[in-house]
């Protein structure tokens with residue numbers, strides 16, 4: 001019983017460390033998404049729609065969304 005009590009703080013520290021890593025990954029994914037959206041808004045404001053590469057925008061958007069999804073489910 002004493003051993004379990006002594007190991008608990010270590011296990012708790014490890015678990016907290018994992019949670020902090022997951023939070024960091026999620027923060028990075030959200031920052032990436034924020035940057036992408038800002039760039040998209042800037043492009044929409046400065047470039048005529050006829051000059052936008054919608055296929056490239058869609059591909060980049062999908063990459064950002066997949067990155068966020070992976071971070072949220074803990075795949076990174």
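We did not get these values from a lab; they are worked out from the coordinates using the rules stated. Nothing here was measured: the structure is a model prediction, and the numbers come from that model. Neighbour counts run over all protein chains shown; Cβ positions are idealised from the backbone, glycine included.
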Based on the Cβ-Cβ distance of residue 8 and residue 33, what FRET efficiency does E = 1/(1 + (r/R0)^6) give at R0 = 30 Å, to the nearest 0.05? 0.20
Any chance you could run the full-extension gain for residue 70 through residue 56? It's 0.36 nm times the residue separation minus the Cα-Cα distance, nm to one decimal. 2.9 nm
Using 0.36 nm per residue, how much length does the chain from residue 26 to residue 44 gain when fully extended, once their Cα-Cα distance is taken away? 3.8 nm
